[in-house]
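> Here it is, the structure in full.
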Amino acid sequence: MRMVFLGPPGVGKGTQSQRLTAHFDIPHLSTGEMLRKARHDKTDLGLQADQYMSQGKLVPDSLMLQLVERRLAQPDSQRGYLLDGFPRTLGQAEAFDAMLRKNDDSLALVVELQADPEVLVSRMAGRGREDDRPEIVRRRLEEYSRQTAPLSEYYRKRGILVTIDGNGTPGEVFDRITAVIDRVAHK
């Protein structure tokens, strides 16, 4: 199962990613982790990315795409993966699809977790971290919504987007996700 995971901050992507990758025995591919590892290992892409990251700048899409492509070529990704944190923009999604086509590959599913914004604000504010103050969380949710709305529509038009209610216990959300994945896998 090759899938992308979308969802706003605080919706539970991290929790669900852990459960899904264990359940389906596929790797969880976080672009943030990929960047940190490449930087730590001082790979060519890591050194290039570090030039941006050390200045607090976003890593260009072209570098991110190369990093993702190299990671997807590794043996553990051949039977499937859960990609989290990429793509984030419509441009990245289009470039990612072009890269997959070039490699005779495609996504099976894009899972978008959604929850009421005020539930997310209270969830995240309860964590007690500095960047989880309600006003900061609301700004992050607005930014996510601006960036991701076009992405959701892009994947919806392709017929591979499923939207899952992220409210409820982690077990309830997991059951909703796996029910959808099972339906898609058995088409």
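> What is the P(r) of the chain, as percent of Cα-Cα pairs per 5 Å bin from 0?
Spelled out bin by bin, the chain gives 1, 7, 15, 19, 21, 18, 12, 6, 1, 0 percent.
> Cut-off 16 Å, label point 7 angstrom out along Cα-to-Cβ of A185: give me the residues of the stretch 7-44 whose amide nitrogen falls inside.
17-28
> Quick check: residue separation of R127 and M99 times 0.36 nm, minus the Cα distance between them. What number comes out in nm?
Taking R127 through M99 to full extension adds about 6.3 nm, to one decimal.
> Now for a separate question. Once the piece of chain linking T89 and D41 is laid out straight, how much longer is it, given 0.36 nm per residue of separation minus the C-alpha distance between them?
14.6 nm
> Going down the list K37/K57; K13/K42; K57/K157, which pairs span over 26 Å between their C-alpha atoms?
Violating the 26 Å limit, Cα to Cα: K13/K42; K57/K157.
Every number here is computed from the coordinates shown, using simple stated rules; none is lab data. As the structure is a prediction and not an experimental result, all values here were calculated from the model. With ideal geometry, Cβ positions are generated from the backbone for all residues, glycine too; neighbour counts draw on all protein chains shown.
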